[in-house]
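Please treat every number below as a calculation from the coordinates, not as lab data. Given the structure is predicted, the values throughout are model-derived calculations rather than measurements. Methodologically, a virtual Cβ is constructed for each residue, glycine included, from the backbone with ideal geometry; neighbour enumeration extends over all protein chains shown.
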Amino acid sequence: YKGNPQLMNATVNTSSLSYTHNNPIMTLNLELSYQYVDKAINEYFVKDPGSPYITLTNENAKYSQEFGGELSFSLKPFGSDILKLQSYTQLMYQNINSSIVGNLSNLYFPINLAVSLQIGKWILAYQYRFTSMSANGVSIKVRATMCVVSCKTKTTTAAGSEGVPFFAQKILILSIFY
């Protein structure tokens with residue numbers, strides 16, 4: 001990594017509009033947003049002069065714009081946490097105008113789905129994530145799944161999970177939260 005002592009502060013302007021509907025069976029959240037960043041700090045790779053290596057560095061782009069929305073939905077068919085169905089979706093478009101690397105744009109569209117079953121202090125949950133991303137026409141699709149088992153007491157939650165996150169690597173996580 002190579003630092004850039006000429007970086008200037010970026011100025012961020014954000015506007016958003018949110019709506020929430022909540023009742024014992026269903027929760028719905030919708031948010032639309034716009035963000036403009038003047039002198040956005042952008043990371044990019046550059047050939048290091050005097051060496052055969054490529055390094056990561058920062059620069060102030062002219063500006064960055066981001067448009068998007070988020071939708072989250074939770075359904076409790078029995079009016080309790082016995083069975084819960086959840087979905088979270090986001091759609092974001094970003095455009096960066098840089099004097100060094102030109103005009104860059106990307107589209108980000110993840111869809112997260114989860115089903116959880118709670119019996120007493122035990123919770124079993126399955127989570128699925130599908131992500132579609134594109135950067136200037138290049139498209140990437142990523143899928144990840146995870147199964148979580150947890151046990152809750154009044155002050156502590158112990159959870160173990162096994163999943164197939166990015167690059168199909170299996171992981172086993174055991175964590176305790178206070």
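Multiply the residue separation of residue 34 and residue 124 by 0.36 nm, subtract the distance between their alpha-carbon atoms, and state the gained length in nm to one decimal.
Numbers: separation 90, 0.36 × 90 = 32.40 nm, distance 3.68 nm.
Answer, rounded to one decimal: 28.7 nm.
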For the peptides 71-77, 45-51, what is the packing order when you average, over each peptide's residues, the other Cβ atoms within 10 Å and list the highest mean first? 71-77, 45-51
Quick one: length gained pulling residue 71 to residue 56 fully straight, 0.36 nm per residue minus the C-alpha distance? 2.0 nm
Surrounding charge for residue 74, neighbours by C-beta under 12 angstrom, Lys/Arg +1, Asp/Glu -1, total +1
Taking every alpha carbon pair in the range 56-114, what does the distance histogram look like in 10 angstrom bins from 0, in percent? 19, 30, 22, 16, 10, 3
Stretch gain in nm, segment residue 63-residue 133, where the contour uses 0.36 nm per residue and the Cα spacing is subtracted: 23.1 nm
Report the far tail of the P(r) of the range 33-156, meaning the percent of Cα-Cα pairs longer than 18 Å. 68 percent
